[in-house]
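**Q** Pasting a structure below so you can have a look.
The values are calculated or read from the model by the stated rules, or taken from the named source; none is laboratory data. Predicted model only: the values in this text are computed from it and were never measured. So basically every Cβ, Gly included, is an ideal-geometry build from the backbone, and we count neighbours across all protein chains shown.
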Amino acid sequence: MSTKSNASQQPSVTLNVRPAPDALLVDIARYVDEFKVTKRAAFESARLCLMDAVGCAMQAFEVPECAKLLGPVVPGTVVPHGARVPGTSFRLDPVKAAFDTSCLVRWLDFNDTWWAGGHPSDNLGAILAVADHLSRLRVANGRAALKMRDVYAAMTKAYEIQGALAVDNALDVPGIGIDSTFLVKIASTAIATHMLGGTRDEIVNALSNAVIDTQSLNLYRLGVHAGSRKSWAAADATSRGVQLALLALRGEMGYPSALSAPRWGFNDVRLGGKPFRCSQPFGTQVIERVQFKIAFPAQRHSQTAAEAATRIHPQVRDRLGEIARVVVTTHGLAKSKIAVTGLLPNYAARDHCLQYIVAVALIHGEITTASYTDGFAADPRIDALREKIEVVEDPAYTRDYYDTSKCANPNAVQAFFKDGSRTGKIAVTYLLGDHRRRAEGIPLLKAKFRSNLGRRFAAKQQAAILALFGDPQRLEATPVNEFMDALSTS
C-alpha cells in the first residue's frame, strides 16, 4: 500500500514557538490592573445595582428549584474563612459561594440587564465571594478588610468588560449557539484574578483558560428546549471564573493565542475565522447606563411590550372574548428570539415568550414571577389570546435597536375587536429601567428592593439593611465581611 496519500493527510509542520498573548486578553488585563474607578456616577450606579441584585436574590428563595442547588457540595463541609451567601447561614469556599450567590441573583430573570445582551450583575457571585473570603482572611491575620467601595470598583470593571464585549460579539445566534454567559466567565475570571492579587500575566493566563473552556450551548434558552439551566448558567460561569483565577494564582500556565491560534483557536473553531473583539475602550459607561428590570420579571426584549400591554389592559379586560387579534410590533432580534408559538412546557419557556407575556399583561394588567407557574399558565384564556397575537417586525424599530447612539428596545401593542373597533397603538421605546428614565424608575426600584427584603428578613433586619443602603457613604466604607454578615440569616 502506498504511503503517499497518508502522508499528504498529516498536518503541516509548524514552528514550536509560543506567540505573544492575544491583544484583547492583554487589553482586558491592563484595564483590570490599571484603571482607577473614580467617577461618582459609577459608584452611585453600582450601589443601585447591588441593591437590586440583593433584592432579586431574596425573591429567588421562594423557588424550590433554586433553593435546592444551594449549600456546600458535600453537606457538612466546614470552610475556614468561608464566604457568606446572602440570605443564608452558609459559609462556603469562594467557588461554591460564587455559584450560590449568582444563582439567587439570576434565577428569576429579574436582575439588571444591558441593551446589547446579558445581565452584568451575574458577576456579583464572584465579586462578593472573593471579596468576603479575602476580607475574612485579612481580618484573621490582623489586616484591614476590603471595603464595599472595592466591591463597587470591581463591579464597574466586570460590568464594563461583559457589556463592551457584548456590543461586538453576538454569540447566542444560529451557527454559533454559544450561551451569552461566556462573557460573564470572561469578566469574572479577570476580576477575580485581580482581586486575589494576580499579576497582569496571571490575569492573561486565567483569561486564556476561560476562552479555551468556551461555554455551554444556548439550547436551554430556546422554545421547547428551554429549561431551568438558563437560571443557573450564569452561576456556573462566574464560579468557573473564580476557579480559574485560583488556578492561575497557583502558577497554572496560560495559552497566549487562545483566541487567534490558526485552525485551533477560538476565532477559527467557534467564530468561523471572525475575530472575537472589542471596538470601544474600557471605562465606566456600562454600569452608568445599565438597565434595570423594575416592573416585569421577563426577558429584556419583552419589557417594553409588557409595559405597553399593561397600559392597554383597562381597555380590554372586560372585552377579552371580543378580541379578534392583537398586533405586537417589535424589532428583528426580538421577533427571531422570543416570538414563540406552540407548546410552552415550563416556567423557563414562558418567561421567554413574547406572546405569553403580552397575553398575561392584557388579561391581568401585571406580570409577576407567579405568572409563569404551571397553575397560572393553565388558565385557558392565556393560550386562547396567544393564538390571536401577531408579531410583526418594524424595520425602523430594528434600526433603532442596533443604532448604538439610541440603544432602543421598542415594542408596540394594539388590540383589534370583532366589531371593527380597536384600541390605540401603544408604543414604548425604552424600558422603565433604562438610564433615560432614571428619575421615573429609581423610586420604583427602591420599592422593589423593600418588598423583596420583606420576603426573607424580619422587620428589624430589614430596617438595618435599608438604613445601610440609604447611607451611601457609610455603605462604601463598610467592611465587606460586615456587609455580608448583615445579609445572613444567622
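**Q** When you check residue 305 against the structure, is it closer than 30 Å to residue 161 by Cα and at pLDDT below 95, yes or no? Lay out the reasoning, then the answer.
**A** On the way: closer than 30 Å to residue 161 by Cα: yes; at pLDDT below 95: no.
The answer is no for residue 305.
**Q** Looking at residue 274, is it modelled with pLDDT of 95 or more, assigned to a helix (DSSP H, G or I) and under 20 Å from residue 117 (Cβ atoms)?
**A** On the way: modelled with pLDDT of 95 or more: yes; assigned to a helix (DSSP H, G or I): no; under 20 Å from residue 117 (Cβ atoms): yes.
No: the conditions fail for residue 274.
**Q** Hey, another quick one. Looking at residue 293, is it free of Cβ contacts under 8 Å to residues at least 24 places away in the same chain and either surrounded by fewer than 17 Cβ atoms within 10 Å (Cβ to Cβ) or charged (D, E, K, R) (or both)? I'd like the intermediate steps shown before the answer.
**A** Values: free of Cβ contacts under 8 Å to residues at least 24 places away in the same chain: no; either surrounded by fewer than 17 Cβ atoms within 10 Å (Cβ to Cβ) or charged (D, E, K, R) (or both): yes.
Here the answer is no, as residue 293 does not meet what is asked.
**Q** State which residue is surrounded by the fewest Cβ atoms within 10 Å (Cβ to Cβ) when the search covers only the range 426-437 and only residues that are more than 20 Å from the chain's Cα centre (by Cα) and assigned to a helix (DSSP H, G or I). Outline the logic, then answer.
**A** Initially, the range 426-437 is screened for residues more than 20 Å from the chain's Cα centre (by Cα), giving 426-429, 436-437.
Pick out the ones that are also assigned to a helix (DSSP H, G or I) and you get 436-437.
On the way: 436: 14, 437: 17.
Per the criteria, the residue is 436.
Per-residue answers, yes or no, for (1) small (Gly, Ala, Ser); (2) touching a His at 6+ places or on another chain (Cβ under 8 Å); (3) in a helix (DSSP H, G or I):
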site	(1), (2), (3)
415	yes, no, no
420	yes, no, no
447	yes, no, yes
455	no, no, no
462	no, no, yes
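**Q** Looking at 467, 408, which one is over 28 Å from residue 130 (Cβ atoms) and either at pLDDT 95 or above or of a type in the set (Phe, Trp, Tyr) (or both)? First the steps, then the outcome.
**A** Values: 467 fails: over 28 Å from residue 130 (Cβ atoms).
Sole residue among the options that is over 28 Å from residue 130 (Cβ atoms) and either at pLDDT 95 or above or of a type in the set (Phe, Trp, Tyr) (or both): 408.
**Q** Something else now. Can you find, within the range 175-226, the residue that is farthest from residue 347 (Cα to Cα) among those that are of a type in the set (Asp, Glu) and outside any loop (DSSP other than H, G, I, E, B)? Let's see the steps before the verdict.
**A** So in the range 175-226, the residues of a type in the set (Asp, Glu) come out as 179, 201-202, 213.
From the residues that got through so far, the ones that are outside any loop (DSSP other than H, G, I, E, B) too are 201-202, 213.
Details: 201: 43, 202: 41, 213: 29 Å.
Of everything passing the filter in the range 175-226, 201 is farthest from residue 347 (Cα to Cα).
**Q** Considering (1) under 28 Å from residue 210 (Cα atoms); (2) at pLDDT 95 or above, say which one residue 11 fails and leave the rest.
**A** Against the list (1) under 28 Å from residue 210 (Cα atoms); (2) at pLDDT 95 or above, residue 11 comes up short only on (2).
**Q** Looking at residue 132, is it at pLDDT below 95, touching a strand residue (DSSP E or B) at 6+ places or on another chain (Cβ under 7 Å) and assigned by TED's automatic domain parsing to the domain that holds residue 88? Give the steps one after another, and end with the answer.
**A** Numbers: at pLDDT below 95: no; touching a strand residue (DSSP E or B) at 6+ places or on another chain (Cβ under 7 Å): yes; assigned by TED's automatic domain parsing to the domain that holds residue 88: yes.
In short, no.
**Q** Quick one: would you say residue 318 is at pLDDT 95 or above, surrounded by fewer than 22 Cβ atoms within 10 Å (Cβ to Cβ) and in a loop (DSSP other than H, G, I, E, B)? Please lay out each step first, then the result.
**A** On the way: at pLDDT 95 or above: yes; surrounded by fewer than 22 Cβ atoms within 10 Å (Cβ to Cβ): yes; in a loop (DSSP other than H, G, I, E, B): yes.
Taking the combined requirement at face value, the residue satisfies it.
**Q** Taking the stated definitions as given, is residue 285 farther than 30 Å from residue 22 by Cβ and surrounded by 15 or more Cβ atoms within 10 Å (Cβ to Cβ)? Don't jump to the end; show me each part of the working.
**A** Numbers: farther than 30 Å from residue 22 by Cβ: no; surrounded by 15 or more Cβ atoms within 10 Å (Cβ to Cβ): yes.
No; evaluated as a whole, the condition is false for this residue.
**Q** Might you let me know whether the range 105-128 holds any residue that is part of a helix (DSSP H, G or I), farther than 23 Å from residue 164 by Cα and among the hydrophobic types (A, V, I, L, M, F, W, C)? Spell out how you get there, then give the answer.
**A** Here is the first cut: in the range 105-128, the residues part of a helix (DSSP H, G or I) are 105-106, 120-128.
Keeping just the survivors that are farther than 23 Å from residue 164 by Cα gives none.
No, because not a single residue in the range 105-128 is part of a helix (DSSP H, G or I), farther than 23 Å from residue 164 by Cα and among the hydrophobic types (A, V, I, L, M, F, W, C).
**Q** Of the conditions (1) surrounded by 19 or more Cβ atoms within 10 Å (Cβ to Cβ); (2) within 17 Å of residue 428 (Cβ to Cβ); (3) under 21 Å from the mean Cα position of the chain (by Cα); (4) not polar (S, T, N, Q), residue 333 satisfies every one except a single condition; which number is it?
**A** Tallying (1) surrounded by 19 or more Cβ atoms within 10 Å (Cβ to Cβ); (2) within 17 Å of residue 428 (Cβ to Cβ); (3) under 21 Å from the mean Cα position of the chain (by Cα); (4) not polar (S, T, N, Q), residue 333 fails exactly one: (1).
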